[in-house]
1. Can you name the number of the only condition in (1) part of a helix (DSSP H, G or I); (2) within 19 Å of the chain's Cα centre (by Cα); (3) not hydroxyl-bearing (Ser, Thr, Tyr) that residue 438 fails?
2. List every residue pair whose Cβ atoms sit under 9 Å apart, with the two residues 6 or more apart in sequence or on different chains, where the first one lies in the range 297-326 and is closer than 21 Å to residue 381 by Cβ and the second, anywhere, is at pLDDT 85 or above and aromatic (Phe, Trp, Tyr).
3. On the given criteria, is residue 173 modelled with pLDDT under 80, more than 30 Å from residue 114 (Cα to Cα) and in contact with a Pro (Cβ under 8 Å, 6 or more places away or on another chain)?
4. Looking only at helices (runs of 4 or more DSSP H) that lie completely in the range 523-599, which have at least 2 residues being free of Cβ contacts under 8 Å to residues at least 60 places away in the same chain and touching a Ser or Thr at 6+ places or on another chain (Cβ under 8 Å)?
5. Can you name the residue in the range 212-271 that is modelled with pLDDT under 80 and acidic (Asp, Glu) and is also surrounded by the most Cβ atoms within 10 Å (Cβ to Cβ) among such residues?
6. For the list (1) surrounded by fewer than 11 Cβ atoms within 10 Å (Cβ to Cβ); (2) at pLDDT below 80, I need the number of the one condition that residue 201 fails.
7. If we keep just the residues of the range 370-384 that are over 13 Å from residue 434 (Cβ atoms) and aliphatic (A, V, I, L, M), which is surrounded by the most Cβ atoms within 10 Å (Cβ to Cβ)?
8. For the range 57-75, which residues satisfy the criterion of being in contact with a Lys or Arg (Cβ under 9 Å, 6 or more places away or on another chain) and either under 21 Å from residue 111 (Cα atoms) or of a type in the set (Val, Ile, Thr) (or both)?
Amino acid sequence: MRLSKIRITNFRNFRDLVIDPFPTPAVIVGENGVGKSNLLYALRLVLDPELSNRWRRLQADDIHDCAPALHEGVEVRVEVELSDFDDDEDAIATLDGAIITEDGEPRVARLTYLFQPKIAAEAVFGAQPGQELTREDYSWTIYGADDPGVDMHHAKDYVPLSVLPALRDAEGDFARADRSPLVQLLRERPPSADIVKSTLAALKEARNLLSQDPTMQQAVSELAARLSAMTGPQLPLAPSLDFAGREEDLLRSVQLFIDPRSSRGIRYTSTGTANVVYLALLLERLKLRRQASDGEDTLLAVEEPEAHLHPSLQRKVFAHLLHEPNRLLLTTHSPHIAAVTPLSSIVLTSMSGDQTLGAVVPPGLLTPAGTADLERYLNVTRAEILFARGTVLVEGAADAYLLPALAEAAGFPLDDHGIVVSSVEGTDFAPYATLLGPRALRRPHWILTDGDATDGEYRHQKEPGLWRARNLARIAGEDDLHQELDRAIDSVTAQDLPGCGSRADRKPVVEAATRIGVYVGNHTLETDIAPLLHQEMTTAYSAFRQRESTRAAFGTALTPVKDGTATNEERRDLVDKIEDIGKGRYAQRLAANVAAATDLRSRVLAFLERIEGPITRDDLLTIEGPGAVLALLDDLSCTFRGLPLFPTADDTQAAATGTPAPYPGSNG
């Protein structure tokens, strides 16, 4: 059996959250405060037999802010659907009355927790104004299918949810027999009756031997005398010493050691190791419970399992657990766990306005090869895109170094706003845009790609950057824009590439692509930024080349590019000199110089032939060379801080007073 769908309405962060399909196993990721723990709590309302019923009677602060208030008669629902139990007769019998599918179809059962007024508010108060419902006017129930009259309170005993909280005390639980996962496991798999009998007999013999020791006899005798003096005949006590005498006592006294000589108990290990052992014991017990003839089908939810675990151990432990069949739910902030999570198991939670939304990668959206490629892509660094507020996809390492540095130089540090720049190591953005796009995880993302304009024989070779934008429009679900770009690019590529500069009518195509967050440069990043950052480029190159003749040759190659008069061959010459160092290595050093660059605003105004005034995104797109990069940063700035990349004093003042001025030319 598995949890296959969730719907939560009017509860805490969730105005109307639907996750369909809900994966198994599931790894729930998202920003802080988005409601990952609240999602687990909502599931507990339906499925946790250990949750006290008094907690199922909700409080005012359990109601979503935009729902009717408690005093107004709100309804809170948590619906879960269960599937894959057609071969389980016990499950079919237990969930009878909750099954919502027709005969002959795979069975699906729906359980609903409903918190609502006992009777309608108008029936309570009649025509008396000013009276309000209180918590005592509400009741809750758990019912099956779509009929509140079908009581399914008992289902949570067969399909229970067990939650291991983030602030757990594994060592403390091991020390308590009533909470120890080891004792629970041994109860499911007890020793044989013969072994128990012989062990108890050996303990009895040891007890008799102990009782004959004069020191022990004296200790018991002195204790008995003291108790008699303290209590007299009102509390007759006869103390004695003994070992465990029952099977249950034997199990409770078993301890787990972490070395083969049984000399170091669990308290001698690290907190992280204790957590791993704890989780392993729980999973073993749950496996046995599912195999038992009268067993339950427990779902285990673990909050922040990365606590106290080294990153490499996080990857190893959860790569194992998440690739084997189990009913595991995790909430995590760890990119190391996200990096080894199958795409089909990711549940991405995010805020949209005043509510939390959930997204998964639907089955069949990606090809098996595309899925495998993306799962390899999500290494530790790139898995940050699952936690980012916004992601910029770029072609290579050079872009990933330079874009944040340029933003910092403009006074807009990307890290401050949760924006991640991630390289796809090439120009095939389609799988990554699909993953983040409207049919899957629905995360804000932007794409920066080189124009790579050439005079190739075929039209698709002439403006590959523009064709990439056209293909990405279809992935974004913008079919009209896709057709618009297709027609416009055909017109542009009918022209020969001029000796310097760009083809005529190219700028409107670039501007149209920005409507879906795709920014297309002119040629390659290094040549595009040269007019803006040629000083920093010269300094960075000089750090790698000491000979004056070599530095002079670089300056000669750089001059026509920064002046905007370079031919294709001259641009290629500049890129070749950078590639001799290594584009990524050069970009690392250049980024340090760019981040410290000053007065970028004045440089941009010079390009625009102005000395002051607002700089809009449309203005930036008119700049030959760095325009696309600057316009992208402006888009990000407007989106995440409500200010253009180069704000005026009026912009800053308006933002400080909470009344941002209109931003002319913004596509956001």
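1. For residue 438, the failing item is (1).
2. Within 9 Å, the pairs are 305/318; 306/318.
3. So residue 173 passes the test.
4. Working: elements: 525-542, 548-563, 568-581, 583-595.
Correct list: 548-563, 568-581.
5. Across the range 212-271, the extreme among qualifying residues is 247.
6. Result: residue 201 passes all but (2).
7. Here the residue is 383.
8. Result: 57, 58, 62, 63.
The values are calculated or read from the model by the stated rules, or taken from the named source; none is laboratory data. Quick caveat: nothing in here was measured; it's all calculated off a predicted structure. In this analysis, Cβ positions are derived from the backbone assuming ideal geometry, glycine residues included, and neighbour counts consider all displayed protein chains.
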